[in-house]
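Remarks on the structure that follows.
The values are calculated or read from the model by the stated rules, or taken from the named source; none is laboratory data. Every value quoted in this text rests on a predicted model; they were computed, and no experiment measured them. FYI the Cβ positions are ideal-geometry reconstructions off the backbone, even for glycines, and counts take in every protein chain you see. Accessible surface areas use protein heavy atoms only, side chains included; no ligands, DNA or RNA. Shrake-Rupley method; radii C 1.70, N 1.55, O 1.52, S 1.80 Å.
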Amino acid sequence: MSRVNDIIENHDNLEQLFSIIKHYGVNAQFVTESLQKEFECRCGKGEEEQADLAYAKELVEDLKQFSARF
């Protein structure tokens, strides 16, 4: 049950964070590019475990595709 609570709490925290981002008018392009750069940096340093690294690389690719829309 702890894992489920962690997932729910994380989603709630993200919703609250996005409320602040929206309030200050931060646009999606900026958020996407910032996340992409951070995950690329982490992938380049190899700080993540193997499974996390594969997940981060997949996320970076998705962010690149999303960013191409702007």
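Here is a yes/no grid of residues against (1) open to solvent by 90 Å² or more (accessible area, probe 1.4 Å); (2) modelled with pLDDT under 90:
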site	(1), (2)
GLU9	yes, no
ILE21	no, no
ALA28	no, no
VAL31	no, no
CYS41	no, yes
| query | Are there any pairs with C-beta distances below 7 angstrom linking a residue in the range 21-44 that is part of a helix (DSSP H, G or I) to a residue that is surrounded by 12 or more Cβ atoms within 10 Å (Cβ to Cβ) and of a type in the set (Lys, Arg), with the two at least 6 apart or on different chains, and if so which? | reply | GLN36/LYS64; CYS43/LYS57
